[in-house]
Number of protein chains: 2
Amino acid sequence: MAEEAHGLGRHTRQRLQVTALLEETDEFRSAQRLHEMLRARGVPVGLTTVYRTLQILSDAGEVDVIRLPSGEHLYRRCGAGRHHHLVCRHCARTVEIPGPGVEQWARRIARQHGYVDVAQTLELFGTCADCAAQGRT
Amino acid sequence: MAEEAHGLGRHTRQRLQVTALLEETDEFRSAQRLHEMLRARGVPVGLTTVYRTLQILSDAGEVDVIRLPSGEHLYRRCGAGRHHHLVCRHCARTVEIPGPGVEQWARRIARQHGYVDVAQTLELFGTCADCAAQGRT
DNA sequence: CCAAGTTTCGGAAACGGTTGTCATTATAGT
DNA sequence: ACTATAATGACAACCGTTTCCGAAACTTGG
């Protein structure tokens, strides 16, 4: 029993490759992009498996997920604790924003109106300093 | 020229029916649901037209749109001013939350990190008092 | 009222990211 | 190693949404 105490399943080659790739940078990337990158470096992995692995990781709280207006999901290895994200809409550069303030606010608002079991979605999108300097709108 | 000063197109029967239906309640409803409801009451309107109309209305700021985790869009006639929503995840009962506080907070955070042109997504989901009383989790 | 020019309609097909299917393959406890 | 069990992955299905495009309905000038 060297494994299986972390809420994830088995340590397969594919999952190790996905998590390793996620460790390399802290940019948000789509499942399809991660899949491409793995194939490009000669790792034979199926798109389905990438999706499933990311699902598992996000369920386990190991990665953060955001949804673009277009509907696609972006994934990133997760910092500790609850937080939100300030994401550049051009280059996906991301800053983590500590969350407690907003969450307390949300809980208070909800209680005032008799709502329980509150969840929230909060993401900030903007143009980072570099992209703004390059004239990207 | 009795029309055309509101950013919407012509006042067609279909668009009037959609906006009339939106006026009836302030629940969030999906395009498909609105379409069903119109057909059910004998209004012959195409699903495409419902989607287009809702697109136009939301571009014009006449309706609010939220996106469920599943990816579908829900529409509701719009209150004045910037605000967010506290939505019951079971019955879609909705409370409008005035937005200024959060928006100022967002702008300040963004500026601290050199980001400009900030946009935000914020929705609160919870279980309303009635649904909680009926034991819905 | 008629004709020409626009706008809108709406059924059907396309789209795109995601999830399901299921036979094959790999993993890990014994 | 052996075996039960979980994971893989090519492919197809899904599902809300958008696009296409010919037909129908307005609008406007004459």
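What does the charge dipole of the protein assembly as shown about its Cα centre add up to, to the nearest 20 debye, if the Cβ of each Lys and Arg holds +1 and the Cβ of each Asp and Glu holds -1?
Approximately 300 debye in magnitude.
When the dipole is taken about the Cα centre of the stretch A:81-137, and only Lys, Arg (+1) and Asp, Glu (-1) are charged at their Cβ, what size is it in debye, to the nearest 20?
On the way: 7 positive and 5 negative charges, 20 e Å.
Charge dipole, the stretch A:81-137, about its Cα centre: 100 debye, nearest 20.
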| field | Shortest-first distances to equivalent copies, position A:ARG52, nm, label 7 Å out along Cβ | value | 4.3
| field | Residues of the stretch B:31-70 with amide N under 18 Å of the 7 Å Cα→Cβ point at B:GLU103 | value | B:58-66
| Farthest toward positive dipole pole in the protein assembly as shown [+1 Lys/Arg, -1 Asp/Glu at C-beta], among A:LEU34, B:PRO100, B:GLY42 | B:GLY42
| query | Any idea what the A:ARG136 label distances to the other copies are, label 7 Å down the Cα→Cβ vector, nm, shortest first? | reply | 4.2
| query | Hey, what number do you get for the protein assembly as shown at 222 nm if only DSSP H runs of n ≥ 4 count, each worth -39500 (n - 2.57), divided across all residues, to the nearest 500? | reply | -11500 deg cm²/dmol
| the protein assembly as shown: C-alpha pair distances exceeding 33 Å, % | 35 percent
| said: Suppose you put the label 7 Å out from Cα in the Cβ direction; list, shortest first and in nm with one decimal, how far B:ARG108 is from each other copy's label. | reply: 1.3
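Using the Kirkwood formula over every pair of different C-alpha atoms, what hydrodynamic radius in Å results for chain B? Each step should come with its number before you reach the end.
On the way: mean 1/r = 0.0591 Å⁻¹.
For chain B, the Kirkwood estimate is 16.9 Å.
What's the whole-number percent of alpha carbon pairs in the stretch B:1-79 lying beyond 17 angstrom? Spell out each step's value before the answer.
Numbers: 1283 of 3081 pairs.
Above the 17 Å cut-off, the stretch B:1-79 has 42 percent of its Cα pairs.
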| query | Once label points are set 7 Å from the Cα along Cα→Cβ at both A:ASP130 and B:ASP117, what is their separation, rounded to one decimal in nm? | reply | 1.7 nm
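Only counting other Cβ atoms within 10 Å, I'd like B:THR48, A:THR49 sorted with the fewest neighbours first. Don't skip to the end; give the middle numbers.
Details: B:THR48 10, A:THR49 16.
Starting with the residue having the fewest Cβ neighbours, the order is B:THR48, A:THR49.
Would you work out the charge dipole size for the stretch A:10-137 about its Cα centre, treating the Cβ of every Lys and Arg as +1 and the Cβ of every Asp and Glu as -1, and quote it to the nearest 20 debye?
Details: 18 positive and 14 negative charges, 48 e Å.
Value, rounded to 20: 240 debye.
Tell me the GluC sites (Glu not before Pro) within the stretch A:30-90 that lie in a loop according to DSSP and have at most 15 other beta-carbon atoms within 10 Å.
A:GLU72
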| Length-normalised contact order for chain B - Cα pairs under 8 Å, 6+ apart - percent | 20 percent
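In peptide A:106-113, what is the residue-averaged number of other protein chain Cβ atoms found within 10 Å of each Cβ?
On the way: counts 8, 2, 0, 7, 8, 1, 3, 10.
Across the residues of A:106-113, the mean count of other-chain Cβ atoms within 10 Å is 5.
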| note | Projected onto the charge dipole of the protein assembly as shown (unit charges on the beta-carbon of Lys, Arg, Asp and Glu, signs +1, +1, -1, -1), the Cα from B:LEU54, B:ALA80, A:ALA133 with the largest positive-side position is that of B:LEU54
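Read the figures in this text as sums done on the coordinates, not as results from a lab. This structure is a prediction, so every number in the text was calculated from the model and none was measured. Note: ideal-geometry Cβ built from the backbone for every residue, glycine included; neighbour counts use all protein chains shown.
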